[in-house]
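Data block below; observations after.
The values are calculated or read from the model by the stated rules, or taken from the named source; none is laboratory data. Predicted, not measured: the structure shown is a model, and the values here were computed from it. Cβ placement follows ideal geometry from the backbone for every residue including glycine, while neighbour counts extend to all protein chains displayed. Accessible surface areas use protein heavy atoms only, side chains included; no ligands, DNA or RNA. Shrake-Rupley method; radii C 1.70, N 1.55, O 1.52, S 1.80 Å.
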Amino acid sequence: QVQLVESGGGLVQAGGSLRLSCVASGSIAGINAMGWLREAPGKPRELVSVIASGGELNYGKDVKGRFSISRDNGKNTVYLQMNSLKPEDTGVYYCALAYDLSVVAGRGEYDFWGPGTQVTVSS
């Protein structure tokens, strides 16, 4: 059993910053990638960022240069630093774990999902 607990979401004005955290617990041996995906009203779920256990990174095209992902393997935690937030960044942000490293390339499937945390950016 794997549990993911996200935190750090909230309401922020455009141009502001937020830092999301996701702590993983349980049977996470063999997990190769930790990522953040988001879902906005009326839009499909999309990749925000993903980081592999070896450090390889990937970002969604709309967040490159503004968001930064990092992980603390000792704490089984992945972070998402979000700067220069825009109203279009509004959505529910999900932490997800994957055995399949191809998620780093934007392919494959995630195996475990957190409940999500709401991020709202006001204009």
* Could you tell me what percent of the accessible area of the stretch 33-109 is made up of carbon and sulfur, with a 1.4 Å probe and every protein chain present? => 48 percent
* Structure fact -> Computed over the chain, protein heavy atoms only, probe 1.4 angstrom, the accessible area per residue in square angstrom equals 50 Å²
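Of all DSSP beta bridges located in the stretch 7-123, what percent are antiparallel, nearest 5?
Numbers: 34 of 38 bridges.
Once the DSSP bridges in the stretch 7-123 are tallied, antiparallel ones form about 90 percent.
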* Structure fact -> Amide H neighbours of Lys86 at under 5 Å, excluding residues fewer than 5 places away on the same chain, with H built from the backbone geometry, are Gly15
* **Accessible area (Å², 1.4 Å probe, nearest 10) - Thr120** => 50 Å²
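What relative contact order, as a whole-number percentage, does the chain give when Cα pairs under 8 Å and 6 or more residues apart are counted?
Working: 306 pairs, mean separation 42.7, N = 123.
Relative contact order for the chain comes out at 35 percent.
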* To do: Pop a pseudo-label 7 angstrom from the Cα along the beta-carbon direction at both Ala105 and Ser27 and give the gap in nm to one decimal.
  => 2.9 nm
* Structure fact -> Expressed in µm² per second, the diffusion coefficient of the chain from the Stokes-Einstein equation, with Rh the Kirkwood radius over alpha carbon pairs, at 20 °C and 1.002 mPa s, is 151 µm²/s
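Let me know the longest stretch in the chain that avoids all GluC sites (Glu not before Pro) found in a DSSP loop with at most 15 other C-beta atoms within 10 Å. The partial results should precede the final answer.
Values: sites that count: Glu56, Glu109.
The reported range is 1-55.
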* Asked: Using modelled backbone amide H atoms (1.01 Å from N, in-plane), which distant-in-sequence or interchain residues come within less than 5 Å of Val2's amide H?
  -> Ser27
* **Charge sum, other residues only, whose C-beta stays under 12 Å from Ala40's C-beta, Lys/Arg counted +1 and Asp/Glu -1** => -1
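Relative contact order of the stretch 1-40: what whole-number percent is it, with Cα pairs under 8 angstrom and at least 6 residues apart?
Details: 33 pairs, mean separation 17.1, N = 40.
Relative contact order for the stretch 1-40 comes out at 43 percent.
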